[in-house]
Amino acid sequence: MNPIRLFDYVTPRSEQPKVLAMPKPGVTQLLIFYILPLSLIPCITMYLRLDHQVPKLFFDQLPGNRLLMVSIELLFLQLVLVLAWITQHLAQMVGVKPGFRDALLLITLATTPLWLTSLFYLVPSLSVNVLVHGVAALIAVALVYRGVRYVFGIRERGALFSLTLAIICTAGLGLGVILIGSLISWETIEQLQFAVKKL
C-alpha cells in the first residue's frame, strides 16, 4: 500500500476509470500501515517537547513515566475507528450506504493533515502552531468534502454539503471529548500524586 496514492481517491482524477479500478486498501492495512504510524507522531512530539525542552514546567508536576502514560492514552483516544463508524451511519441520512472501509478511508485522509502538523509541537512558538493547525483544519475540511464526493460518490449538492457538515461537526465533538478526557486524566494523575505525597 502506497500512502501517497491514497489521495488519488479524493482528487479530480478520481472519476477516471484507472483510479476507480484501483483496489482500495483494507481496514487492517489502513490501521497497521497508515493510521497507527501517523497517530504516533503527536504522542512522540508531545513527549519530546515536554521532556527535553520544558522539563521544569512539567516534570515537577508530572514525572516522565506518567507523561508517557498520558501520551499513550492520547494515541488510543485519537484512533479514527469510532469516527469512521459514525460517518458510515451518518451517510445513511442522505440515502448512501458506504462500507466501513470507505468511511475509514475518508476519515483517515481527512485526519492526515492534523497528524502531520503535530510535528510543529517542536517549534517553540504558539502563534506558528495556531497558524499551522488552522491551515491543517481547513485542509481537513476540504478533504472531507472531496471524500464525500469521490469516495462515497455523492454528487447532489445539498446532500454533499449536509453530509460534509455533519461529519465535521461530529469530528469537532470528538475532538472536544478527547480534550476533556485528557484534562480529566491529567487532573486524576495530579490528585493521585498529591495523595501519595501526603502519605
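The values are calculated or read from the model by the stated rules, or taken from the named source; none is laboratory data. These figures come from a predicted structure and were not determined experimentally. No Cβ is skipped: glycine too gets one built from the backbone with ideal geometry, and neighbour counts run over all protein chains shown. Quick note on the areas: whole protein, heavy atoms, side chains included, nothing else; ligands and nucleic acids left out. Shrake-Rupley method; radii C 1.70, N 1.55, O 1.52, S 1.80 Å.
Any idea of the accessible area per residue across segment 77-145, 1.4 Å probe, to the nearest Å²?
Spelled out: the 1.4 Å probe surface of segment 77-145, per residue, equals 49 Å².
Given R₀ = 30 Å, what would the calculated FRET efficiency be for Ile44 paired with His89, taking r from the Cβ atoms and rounding to 0.05?
0.40
Report, to the nearest whole %, how much of the accessible area of segment 101-187 belongs to carbon and sulfur atoms, 1.4 Å probe, protein only.
Reported share for carbon and sulfur atoms: 76 percent.
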